[in-house]
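Input: a single structure, listed below in structure tokens.
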């Protein structure tokens with residue numbers, strides 16, 4: 001929440017078309033997400049067309065508009081407008097100034113190629129035991145999203161946990177200028193957005209910008225298990241806390257054990273103190289997430305026993321490793337929010353490590369990973385190599401997953417265990433047809449006790465397959481309905497009907 005006075009002091013612009021409210025509930029840059037009483041910021045750029053969304057924002061209840069030119073519909077409805085040369089720059093400076101008005105709020109920035117959202121959520125959960133905590137909601141981790149989070153900052157918030165995403169060198173540095181962090185966390189350096197970064201060297205350089213932004217009184221929380229992250233200790237003036245599994249790590253997990261699908265147990269150790277922790281998040285990688293969050297909490301004054309106990313409260317974020325019941329007494333892991341090679345390999349490791357009844361099978365349903373540029377074939381092939389010998393059935397959807405199929409077969413996976421549903425990603429009907437055909441194939445073959453994990457980049461829409469495998473209808477009804485939809489899609493597309 002922020003005030004009219006903050007906005008006017010920053011812009012020094014007289015509003016037109018109406019009277020500004022005394023306070024704003026927040027801000028939005030997407031008219032679909034505007035809440036009544038918020039400021040709508042009409043950003044204009046390659047990925048946004050804010051001026052065209054003002055009318056919809058007004059209808060949704062925007063209390064005022066920050067834009068670069070007057071809008072007739074807003075004027076006609078009596079909605080005040082602040083006219084500035086660059087709405088995005090104004091939004092960023094407004095958020096920065098709002099943060100400066102609360103010097104007692106400690107900012108924790110979370111960067112890295114993979115696992116940012118899990119670490120952000122886990123960190124906020126633990127810090128909430130110490131004091132009221134604000135966190136990034138959804139995927140608001142960009143130059144537009146991070147300021148929106150800051151403008152929700154209220155006087156009671158003593159911590160702000162902010163996810164900082166990047167597709168290019170310099171983006172994390174920009175976010176750190178908007179919200180200078182007191183504590184900076186780096187999760188991993190991996191194969192993300194290579195279409196934009198161009199090289200792994202640039203990925204490492206970009207993710208390390210958060211530790212370079214820390215002052216001498218700051219704290220860098222670094223993943224000791226990732227060599228590239230470990231090296232970032234040389235790039236900061238701040239104190240460094242390493243987390244991981246090696247004996248050299250400051251915050252360490254010792255003796256992890258248990259069922260990976262249900263959540264592992266381990267001993268949390270720090271500065272000679274230890275306590276047993278139990279997780280309710282699936283996968284070995286969840287231990288690393290827990291260690292990152294615990295490191296921040298310990299740095300903020302929490303004791304080891306409280307941190308270990310609080311870790312049991314963690315739950316998977318939506319579509320990020322959620323375990324769900326599926327048809328025919330099977331278990332499904334919904335990991336469809338996004339994908340890169342690191343997270344795909346972690347998913348395969350989870351499947352391989354899960355304890356199943358005798359005769360039950362491990363299904364990996366995998367869709368294309370996006371934004372890989374020239375690395376697209378090699379990255380998808382690495383996933384195929386890993387799947388061979390670790391999963392029983394490999395179901396692939398998309399265009400780039402052809403390389404996954406070939407690599408899996410070349411690595412020794414039997415051809416009859418590799419099922420590829422090709423899609424032209426430029427044609428929505430083609431992708432929809434491939435997804436439904438894959439879902440139908442799996443539905444008809446699942447046996448009680450089987451474990452299914454579904455993964456793919458957000459733009460591939462693999463959550464559709466999750467929905468098909470969760471349906472409560474009878475198998476006969478579901479099969480008939482799927483068949484009808486497949487026939488309709490086949491008529492709309494130029495692809496042959498799949499079966």
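The values are calculated or read from the model by the stated rules, or taken from the named source; none is laboratory data. Source: prediction; values computed, not measured. Using ideal geometry, Cβ is built from the backbone for each residue, glycine included, and neighbour counts are taken over all protein chains shown.
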Quiz item: Would a scan of the range 353-375 turn up a residue that is touching a strand residue (DSSP E or B) at 6+ places or on another chain (Cβ under 9 Å) and either farther than 21 Å from residue 408 by Cα or part of a helix (DSSP H, G or I) (or both)?
Solution: yes
Exercise. Say whether the condition of being without any contact (Cβ under 8 Å) to a residue 60 or more places away in the chain and in contact with a helix residue (DSSP H, G or I) (Cβ under 7 Å, 6 or more places away or on another chain) is met by at least one residue in the range 358-379.
Key: yes
Quiz item: Picking from 91, 39, 66, which residue would you name as being under 28 Å from residue 207 (Cβ atoms) and either outside the structural domain of residue 156 (by TED's automatic domain parsing) or free of Cβ contacts under 8 Å to residues at least 60 places away in the same chain (or both)?
Solution: 91
Self-check item: The one condition in (1) in a strand (DSSP E or B); (2) more than 27 Å from the chain's Cα centre (by Cα) that residue 412 fails to fulfil
Solution: (1)
Self-check item: Top-ranked residue of the range 389-403 - restricted to ones that are within 24 Å of the chain's Cα centre (by Cα) and farther than 18 Å from residue 442 by Cα, ranked as surrounded by the fewest Cβ atoms within 10 Å (Cβ to Cβ)
Solution: 399
Self-check item: In the range 252-286, the residues that are surrounded by 19 or more Cβ atoms within 10 Å (Cβ to Cβ), within 20 Å of residue 128 (Cα to Cα) and in contact with a strand residue (DSSP E or B) (Cβ under 6 Å, 6 or more places away or on another chain)
Solution: 268, 277
Quiz prompt | Matching option when the condition is buried (at least 22 other Cβ atoms within 10 Å of the Cβ), assigned by TED's automatic domain parsing to the domain that holds residue 122 and more than 23 Å from residue 139 (Cβ to Cβ), among 308, 386 | solution = 308
Quiz item: Going through the range 415-429 one residue at a time, which ones are in a helix (DSSP H, G or I) and in contact (Cβ under 8 Å) with a residue 60 or more places away in the chain?
Solution: 429
Quiz item: From the list 432, 439, 411, which one is in contact with a helix residue (DSSP H, G or I) (Cβ under 6 Å, 6 or more places away or on another chain), crowded, with 22+ Cβ neighbours inside 10 Å and in contact (Cβ under 8 Å) with a residue 24 or more places away in the chain?
Solution: 439
Exercise. State all residues of the range 49-89 that are within 21 Å of residue 6 (Cα to Cα), part of a helix (DSSP H, G or I) and touching a strand residue (DSSP E or B) at 6+ places or on another chain (Cβ under 6 Å); if no residue qualifies, say none.
Key: 87
Exercise. Determine if the range 218-228 includes at least one residue that is without any contact (Cβ under 8 Å) to a residue 12 or more places away in the chain and part of a helix (DSSP H, G or I).
Key: yes
Exercise. Could you tell me which of the residues 125, 136 is within 28 Å of residue 277 (Cα to Cα) and surrounded by fewer than 24 Cβ atoms within 10 Å (Cβ to Cβ)?
Key: 125
Practice problem: Could you run through the range 99-116 and say how many residues are buried (at least 23 other Cβ atoms within 10 Å of the Cβ) and in a helix (DSSP H, G or I)? | Solution: 1
Practice problem: For residue 322, state whether it is free of Cβ contacts under 8 Å to residues at least 24 places away in the same chain, under 19 Å from the mean Cα position of the chain (by Cα) and farther than 23 Å from residue 444 by Cβ. | Solution: yes
Quiz item: Among the residues of the range 11-18, is there at least one that is in a loop (DSSP other than H, G, I, E, B), under 17 Å from residue 148 (Cα atoms) and modelled with pLDDT of 90 or more?
Solution: no
Quiz item: Among the residues of the range 149-174 satisfying the criterion of being surrounded by 24 or more Cβ atoms within 10 Å (Cβ to Cβ) and outside any loop (DSSP other than H, G, I, E, B), which is nearest to the chain's Cα centre (by Cα)?
Solution: 163
Practice problem: For the range 175-203, enumerate the residues that are crowded, with 18+ Cβ neighbours inside 10 Å and not in a loop (DSSP other than H, G, I, E, B). | Solution: 175, 176, 178, 183, 184, 185, 186, 194, 197, 203
